[in-house]
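The values are calculated or read from the model by the stated rules, or taken from the named source; none is laboratory data. These figures come from a predicted structure and were not determined experimentally. Cβ placement follows ideal geometry from the backbone for every residue including glycine, while neighbour counts extend to all protein chains displayed. The accessibility values were calculated without ligands, DNA or RNA, using every heavy atom of the protein model including side chains. Shrake-Rupley method; radii C 1.70, N 1.55, O 1.52, S 1.80 Å.
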Amino acid sequence: METVEIFDSPGKGRGLRAIKEFWAGDVIFTEQSISAVVFDGLAERICHSCFRRQEKLQRCGQCKFAHYCDRTCQRAGWAEHKQECAAIKAYGKAPNESIRLVARITWRLDKEGSSKVSDMQLTTLDELEDHLNDMAEDELQEFKVDIHNFLDYWPRTSKQHTIDSISHIFGVINCNGFTVSDQRGLQAVGVGIFPNLCLVNHDCWPNCTVILNHGKIELRSLGKIAEGEELTVAYVDYLNLSPERQRLLKAQYFFDCTCDHCKNRTKDDIKMGGKEVDGVKPTEEQVKEATDFCYQMLEKMDQARLKGDYHIVVKICREAIEKTEPVLADTHIYLIRLCSALSEVQAYLQSFDDAAEYSRRMVEGYIKIYSPNNAALGMAAMRAGVNLWQAGQIEIAHGMICKAYSILMVTHGPTHPITKDLEEMRVQTEMELRMFKENEYVYYSMREAALQNKPMTMLHEPKSMEEGIKNLFHRRK
């Protein structure tokens, strides 16, 4: 590979570093998975070949488990599914996603006759850490159950492998599996193994990000990377406090994070801070009381959300925000999470004014916490832009969508489906903003008519504007 090389990273073991200079938005490398599977809970809603979400999928006539968009996808996925199909039939049911992925990887390696399936592969699965010796006893018990079920599932006609080699692959998946998203990158729908990506170490303030684009992962630069600089990605969300990030990393990936942001607890103060008004801050006791109240309300909100009691969610979030916003800073992570949940639910309930207000506040908090080219910030800005447009706030909506577009051009690139969606939104809101500035009254009249799918009265406006409006607006569903 002409862009990166393996090296010994101090305190981290093996890592990858750049052998040339990169700039924001550059693709450092792309990689296809050795294998990937759809999550158990989405097996009937996601294509098992292209990982697209479809309303109607065709079921495999043999195993009755795998689902595909059409015959094209079924044929494309047959090479991987052939042995799996027979194994599921013989076993009587589909095993869980971990077992299915281990089986697919093992069949793939057996077929290739090598632990490397591509000339671009920098490492083998054998060389990757499995952390079996670091697992807690309860995890090991679950692990042993999976291995037992795998051995029952694995066909006697396939090449037989030692328990140690199978255990190693389970361990690699456990700490190196990468989630596969749907076609628009909005939902995790499966898991796969990407060996080169496994070599990229963690940093809480990374210089790279990873996205899935048209079936391949892309490692993309978030800013200038010098030749010889280590490449890093974030394994956990920076929105968490430093101790929580360290706890998650230790529990999930078995290492102690010693990055500068964790050592110095960078931004932890604003993530749990009080609101300063005219130079006056609330007391520590007031901040703690408001923080504890928010935490309790977040737990209640999560329970109501799981039950689908969305009006209860709105009530809980409103109460918590109204009570604590005079005390807590706009960067307080509990307040941000309440705003995020409230904006999402209100958008679902089509209360767009509220959705717009709280998603805007969420973005304002994110801007002060995340790095400028963080994908979570870009996605939040996109969501806020859509909510603001739905609320009729075209000027702020256009600015927010432009911000989202500039971030996602770096994190996702111009060919990613979600960036293409954003480009359409950016063009649309730009045209609408021009119309708004020409005649505000006419703009709102035509907007309402278009959204309600009613005939539009042009009020002596030029025909070109009328045609533009018809193409821009779509009826709410």
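What pairs can you find where one residue is in the stretch 50-71 and exposed (fewer than 13 other Cβ atoms within 10 Å of the Cβ), the other is of a type outside the set (Ser, Thr, Tyr), and their Cβ atoms are less than 8 Å apart, with a gap of 6+ or different chains?
71/58
Return the pairs, sorted by first residue and then second, in which the second residue is open to solvent by 30 Å² or more (accessible area, probe 1.4 Å) and among the hydroxyl-bearing types (Ser, Thr, Tyr), the first residue lies in the stretch 4-22 and is assigned to a loop (DSSP other than H, G, I, E, B), the beta carbons are less than 7 Å apart, and the residues are 6+ apart or on different chains.
Cβ pairs passing all conditions: 11/258.
With the structure loaded, tell me whether residue 337 is part of a helix (DSSP H, G or I) and under 27 Å from residue 392 (Cβ atoms) or whether it fails that test.
Yes; evaluated as a whole, the condition is true for this residue.
Looking at the stretch 72-80, is at least one residue at pLDDT below 95 and assigned to a loop (DSSP other than H, G, I, E, B)?
No, the stretch 72-80 contains no residue that is at pLDDT below 95 and assigned to a loop (DSSP other than H, G, I, E, B).
Where in the stretch 122-213 are the strands (runs of 3 or more DSSP E), entirely inside, with at least 2 residues that are of a type in the set (Gly, Ala, Ser)?
Strands (runs of 3 or more DSSP E) meeting the threshold: 188-193.
Quick one: how many residues across the stretch 363-382 are under 17 Å from the mean Cα position of the chain (by Cα) and more than 16 Å from residue 204 (Cα to Cα)?
So the count comes out to 6.
Looking for something surrounded by 15 or more Cβ atoms within 10 Å (Cβ to Cβ), outside any helix (DSSP H, G or I), more than 27 Å from the chain's Cα centre (by Cα) and at pLDDT 90 or above - is there at least one such residue anywhere in the stretch 393-400?
Yes, there is a match, as at least one residue in the stretch 393-400 is surrounded by 15 or more Cβ atoms within 10 Å (Cβ to Cβ), outside any helix (DSSP H, G or I), more than 27 Å from the chain's Cα centre (by Cα) and at pLDDT 90 or above.
Only residues that are outside any helix (DSSP H, G or I) and either of a type in the set (Asp, Glu) or farther than 30 Å from residue 448 by Cβ (or both): list them for the stretch 364-392, please.
Matches in the stretch 364-392: 370, 371, 372, 373, 374.
Report yes if some residue within the stretch 228-239 is under 23 Å from residue 337 (Cα atoms) and in a helix (DSSP H, G or I); otherwise report no.
Scanning the stretch 228-239 turns up no residue that is under 23 Å from residue 337 (Cα atoms) and in a helix (DSSP H, G or I).
Here is a yes/no grid of residues against (1) without any contact (Cβ under 8 Å) to a residue 24 or more places away in the chain; (2) under 25 Å from residue 8 (Cα atoms):
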{"position": "233", "(1), (2)": "no, yes"}
{"position": "245", "(1), (2)": "no, yes"}
{"position": "251", "(1), (2)": "yes, yes"}
{"position": "261", "(1), (2)": "no, yes"}
{"position": "271", "(1), (2)": "no, no"}
{"position": "274", "(1), (2)": "no, no"}
{"position": "279", "(1), (2)": "yes, no"}
{"position": "287", "(1), (2)": "no, no"}
{"position": "297", "(1), (2)": "no, no"}
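Which of the residues that make up the stretch 285-327 are surrounded by 16 or more Cβ atoms within 10 Å (Cβ to Cβ) and polar (S, T, N, Q)?
Answer for the stretch 285-327, where residues must be surrounded by 16 or more Cβ atoms within 10 Å (Cβ to Cβ) and polar (S, T, N, Q): 286, 291, 324.
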